[in-house]
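Remarks on the structure that follows.
The values are calculated or read from the model by the stated rules, or taken from the named source; none is laboratory data. Since this is a predicted model, take the numbers as computed values, not measurements. Note: ideal-geometry Cβ built from the backbone for every residue, glycine included; neighbour counts use all protein chains shown.
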Amino acid sequence: MRRNRQVEKLPLLAVIGARSAGDRLAVLAIELGDKERKDLWAERFQDLIRRGLNPDVVELGIMDGLPRLAGAFANAAILRCQVHAKRNALKRAGRKERAAFSAGLERVFYVRNEARARAAFVELKGQWARAYPSALAIIERDLDGLLRFYRFEPKYWPSLRTTNPIERLNKEFKRRTRAMETTGGEQNAYHLLAYVALTMNLGCRSYALSLSKPFYTLKAARPNLATADVTAQPTPAGMAKMIISRCARLRRLS
């Protein structure tokens, strides 16, 4: 982003949510800021509450890192992303044995129930504890959060195992901004981010959270518009008006 005649890279905070009824994903907030700072995330959550979110009804949060944010919503269970945990663990395993170690983790994450998953971890620990204790410590430290998805209906498991919806949003942001090389100031950057967020929201109208392979981009959503409620879908011109009128709200989070 170009600001004050200087080009700099800035991180982005993004929150995606799903209602208990209808299980459709939606981008709730986007804001420029340091993604590793607890105080900024706490402020974003407080903004959501000021906008009308009832903190007592938030049931679940899927995240990677910043474990102290687990107390942001008193009644929410915390799930940890299996992809990030596995990636961090494999970095601590020897290259020649990473495939075998990875296969053992797959048995932990993809069995039929939580009891079998915990039994598989005990087996994994017995096999690799002496060689790679630090790799096992990564998994053991967050094991409860990594396996908590088993307490929900199996149809939701593929979506609950990872932070893929957020990663998809991040990739769309990067894809759009990379082609531009630089964005012309903070306001223009928010216009672009608002467009990408609204595009994702439109795509999510045609795909439920319970689908095993949901798509989030406007291009992926187009084939489904014929079978969806077309009266509820904005036209391209309508989307442009929505971007202009709503990007300020997405920016301020208030």
Next on the checklist: So if I check each of 135, 115, 119, 131, which one is part of a helix (DSSP H, G or I) and either in the same structural domain as residue 61 (by TED's automatic domain parsing) or surrounded by fewer than 13 Cβ atoms within 10 Å (Cβ to Cβ) (or both)?
Outcome noted: 115
Checklist entry - Looking only at residues in region 39-62 that are within 17 Å of the chain's Cα centre (by Cα) and not in a helix (DSSP H, G or I), which one is surrounded by the fewest Cβ atoms within 10 Å (Cβ to Cβ)? => result 59
Next on the checklist: If I filter region 185-201 for residues that are modelled with pLDDT of 90 or more, of a type in the set (A, V, I, L, M) and not assigned by TED's automatic domain parsing to the domain that holds residue 93, do I get at least one hit?
Outcome noted: no
Item to check | Which numbered condition residue 68 fails, given (1) within 22 Å of residue 168 (Cβ to Cβ); (2) surrounded by fewer than 17 Cβ atoms within 10 Å (Cβ to Cβ); (3) at pLDDT below 80 | outcome: (1)
Checklist entry - Taking region 86-104 on its own, how many of its residues are touching a Phe, Trp or Tyr at 6+ places or on another chain (Cβ under 9 Å), within 11 Å of residue 139 (Cβ to Cβ) and assigned to a helix (DSSP H, G or I)? => result 5
